[in-house]
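Inspection log for the structure reproduced underneath, given as structure tokens.
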Amino acid sequence: MNKNKSVIPQLFDYAGNHKYFTISSWILAAISALVALVPFYYIWRIIREVVAVSPVFSKATHIVSYGWSAVGMSLLAMFLYISALLCSHLAAFRVQTNMRKAMMEHVMKLPMGYIESEGSGKIRKIVAESSAATETFLAHSLPDKAVSYATPVGLIAMLLIFDWRIGLICLVPAVLAFLMMGGMMGEKMQNDMKEYQNALDEMSAEAVEYVRGIPVVKTFGQSVFSFKRFKEAIDKYEKWTITYTIGMRMPMIGFTTAANAVFAALVACSFIFARNGVTDTFLYNILFYIIITPILTVTLMKVAYAGESQMIVRDALNRMYALLDVEPLKEASNPQNPKDSSIKIENIVFTYDEKKTNAIDGISLDIKPGEHVALVGPSGGGKTTLASLVARFWDVKQGSIKIGGVDVRDIASADLMKNVSYVFQDSKLLKMSILDNVRMGKPDVTEAEVVKALKDAMCWDIIEKLPHGINTMIGSKGTYVSGGEAQRISIARAFLKNAPILILDEATAFADPDNENMVQKAFANLAKDKTVIMIAHRLSTVVDADKICVLSDGKIVESGKHDALLAKGGIYDHMWNEYKKSVNWKMGREQDNDKKVTA
Ligand code: ADP
């Protein structure tokens, strides 16, 4: 696939043999455009006859046959154009399907970390919108383009055949319009178009953030101006649009004036040529030009818009290639199976962006089968990154991670996923029944097994509240679950999957303490007999861990058991004291509230 090719060969890469449908659609559309001009000739013959026999109209004997010929030719033109559209749609749908398939197949191979950090919404938008843009282009714009090229050729031929002098004069404004159009197109326009799309995308992304943040604005009584980024995105878009529109003002005025000036040129030349009297032929020819020239204006407009649609599709293709350029994770050439659930991390380094500092900067860690390791430390310290490297959401830049003695890069991705369960902080449930949501953990289980998993994951209270129990559709008719509840349901998924290694990302904030308790109990049930890496945000949950690692700036700065770390009096000890203070403060407030209630 060569990205430097022009648009049509690039689209043909996805068309297979259907490209012949596209070619047929051009030919049919071009012929239909030429045939569509013939009725004008018949109309002119009718007018000519009427003028010639005037005032004895009964002598005009050919009018009916001319009329039917005009109708017949119009119908033929329509039939040809519909056939052209049929062919163009067959090709367009095939290209759209193949592009979507290619993108989705690629997305499936992309690092999980990329999908997480880009956001599935953005990826969906690229897949859906870029392929839709090519569909509109292939199905509608291209046949229209064939029409808009064929019509001027036919028109010019007709204009010059009837009276070449008038024909040439009519062509002067048309050529001027073409020159003006050239000024509006070209590389600058292509770049402007890209910038326009970027500004639009940025504004939509910020709008989503804004809507998501409305509860915060309301709760904390802030003004909408706290959403500076959203306002900046709108301002940028506004500034861009106004500058662009002003820049386009003169060429657009020039183009529209020239395109519409054909008629004016016709009137002017009629006067010039009629100075020395008018012959019948001249009069008939002028009549013909009066009928035909408006089509020239319409055709010029069509050519202008055909260029615009080509630019839109070029931008869509660029967006698709940007996605296809993201390097997929390499599948192991000689895959091996892990021997046990031990994890050996050896001097790993990882960076999200080569220019920035390392998110993980030389970490080594040995985890024996069945050990529970907690990752704690300041936000941005590298906990999530370390955990996602173990599940091979990304590949390390240096060093290695081994599971059961095998480098994660040498384990087939399906086997790796069988060995590792990851419970995310913001667990996602799909729009289907709870039963099917949990079954995703292991598709071939019975309903009874799903029920057991839900009970083990402390979800039964959620199910009891729902109108149709485990068959309730999530997201339908206002059936939503809270973040903590969604996390518990995804723990049930992990119960079914029963992978020997478990990575748990504890949620940072729970709406209510009951939910927090339940999630922790569910975690504890699930973690039994498994090797666990737990990203902990509350220190109460790590006290019993076999090893606590404190991460800061991508390094393990302290590690050991709770008591040993306290005895050391280092960072962990400090964090523990701060944590105890915050818990005492919370309890103190609760007691104060109780006193107020009893008073
Ligand atoms: P923690 O989980 O301890 O809060 P993270 O592992 O999320 O820390 O982050 C470690 C560092 O990597 C931080 O500097 C963070 O800004 C950066 N980082 C995390 N995720 C991404 C990402 N998707 N793209 C770029 N940088 C990231």
Worksheet item: Any residue at all in the stretch 552-559 that is modelled with pLDDT of 90 or more, among the hydroxyl-bearing types (Ser, Thr, Tyr) and more than 39 Å from the chain's Cα centre (by Cα)?
Response: yes
Item to complete: With respect to Ala146, determine if the residue is out of contact with any strand residue (DSSP E or B) (no Cβ under 8 Å at 6 or more places or on another chain) and either buried (at least 18 other Cβ atoms within 10 Å of the Cβ) or without any contact (Cβ under 8 Å) to a residue 24 or more places away in the chain (or both).
Response: yes
Fill in: Enumeration of residues in the stretch 228-267 that are surrounded by fewer than 14 Cβ atoms within 10 Å (Cβ to Cβ) and among the aliphatic types (A, V, I, L, M)
Ile242, Ile246, Met250, Ile253, Ala264, Val267
Item to complete: Check the stretch 347-356 and report whether any residue there is more than 32 Å from the chain's Cα centre (by Cα) and buried (at least 19 other Cβ atoms within 10 Å of the Cβ).
Response: yes
Response to the item:
Within the stretch 388-406, of all residues that are touching a Phe, Trp or Tyr at 6+ places or on another chain (Cβ under 9 Å) and of a type in the set (S, T, N, Q), the one farthest from the ligand (Cβ to nearest atom) is Gln398
Practice prompt. Mind listing just one residue for me: the one in the stretch 90-128 that is surrounded by fewer than 17 Cβ atoms within 10 Å (Cβ to Cβ) and among the polar types (S, T, N, Q) and, of those, farthest from the chain's Cα centre (by Cα)?
Written response: Thr97
Worksheet item: Across the stretch 415-473, what is the number of residues that are in a loop (DSSP other than H, G, I, E, B), touching a helix residue (DSSP H, G or I) at 6+ places or on another chain (Cβ under 8 Å), among the aliphatic types (A, V, I, L, M) and over 19 Å from Ala524 (Cβ atoms)?
Response: 5
Practice prompt. Can you work out which of the residues in the stretch 347-387 that are under 10 Å from Ile556 (Cα atoms) and of a type in the set (Val, Ile, Thr) is farthest from the ligand (Cβ to nearest atom)?
Written response: Ile363
Discussion item. Can you report the number of residues in the stretch 415-432 which are modelled with pLDDT of 85 or more and hydroxyl-bearing (Ser, Thr, Tyr)?
Written reply: 2
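Given the options Ser58, Ser88, Ser74, Ser54, name the one that is in the same structural domain as Ile291 (by TED's automatic domain parsing), hydroxyl-bearing (Ser, Thr, Tyr) and in contact with a Ser or Thr (Cβ under 8 Å, 6 or more places away or on another chain).
Values: Ser58 fails: in contact with a Ser or Thr (Cβ under 8 Å, 6 or more places away or on another chain); Ser74 fails: in contact with a Ser or Thr (Cβ under 8 Å, 6 or more places away or on another chain); Ser54 fails: in contact with a Ser or Thr (Cβ under 8 Å, 6 or more places away or on another chain).
Result of the check over Ser58, Ser88, Ser74, Ser54: Ser88.
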Worksheet, complete the sentence: Glu331 meets each of (1) more than 24 Å from Leu539 (Cα to Cα); (2) under 33 Å from the mean Cα position of the chain (by Cα); (3) within 16 Å of the ligand (Cβ to nearest atom) with one exception, condition (3)
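What do you reckon, is Ala494 modelled with pLDDT of 85 or more and either outside any helix (DSSP H, G or I) or more than 16 Å from the ligand (Cβ to nearest atom) (or both)? Show your work before the answer.
Values: modelled with pLDDT of 85 or more: yes; either outside any helix (DSSP H, G or I) or more than 16 Å from the ligand (Cβ to nearest atom) (or both): yes.
Spelling it out, Ala494 is indeed modelled with pLDDT of 85 or more and either outside any helix (DSSP H, G or I) or more than 16 Å from the ligand (Cβ to nearest atom) (or both).
Being part of a helix (DSSP H, G or I), within 16 Å of the ligand (Cβ to nearest atom) and among the hydrophobic types (A, V, I, L, M, F, W, C) is true for just one of Ile115, Ile126, Ile156. Which residue is that? Let's see the steps before the verdict.
Working: Ile126 fails: within 16 Å of the ligand (Cβ to nearest atom); Ile156 fails: within 16 Å of the ligand (Cβ to nearest atom).
Answer to the check: Ile115.
Quick check, is Asp315 within 14 Å of the ligand (Cβ to nearest atom), out of contact with any Leu (no Cβ under 7 Å at 6 or more places or on another chain) and at pLDDT below 95?
Working: within 14 Å of the ligand (Cβ to nearest atom): no; out of contact with any Leu (no Cβ under 7 Å at 6 or more places or on another chain): yes; at pLDDT below 95: yes.
When the stated conditions are applied, Asp315 does not pass them.
For the stretch 319-354, enumerate the residues that are of a type in the set (Asp, Glu) and touching a strand residue (DSSP E or B) at 6+ places or on another chain (Cβ under 9 Å).
Step one: of the stretch 319-354, the residues of a type in the set (Asp, Glu) are 325, 327, 331, 340, 346, 353-354.
Within the stretch 319-354, Asp340, Glu346 qualify.
Has the stretch 501-512 got at least one residue that is assigned to a helix (DSSP H, G or I) and closer than 30 Å to Ser559 by Cβ?
Looking only at the stretch 501-512, we keep the residues that are assigned to a helix (DSSP H, G or I), and these are none.
No; the residues of the stretch 501-512 include none that is assigned to a helix (DSSP H, G or I) and closer than 30 Å to Ser559 by Cβ.
Quick grid of which residues meet (1) hydrophobic (A, V, I, L, M, F, W, C); (2) farther than 17 Å from Lys497 by Cα; (3) surrounded by fewer than 22 Cβ atoms within 10 Å (Cβ to Cβ); (4) within 16 Å of the ligand (Cβ to nearest atom):
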site: Asp415; (1), (2), (3), (4): no, no, yes, no
site: Ser421; (1), (2), (3), (4): no, no, no, no
site: Gly441; (1), (2), (3), (4): no, no, yes, no
site: Ala453; (1), (2), (3), (4): yes, no, no, no
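The values are calculated or read from the model by the stated rules, or taken from the named source; none is laboratory data. The model shown is predicted, which means the values in this text are computed figures rather than measured ones. When we count neighbours, we look across all protein chains shown, and the Cβ atoms used for this are built from the backbone with ideal geometry, even at glycine.
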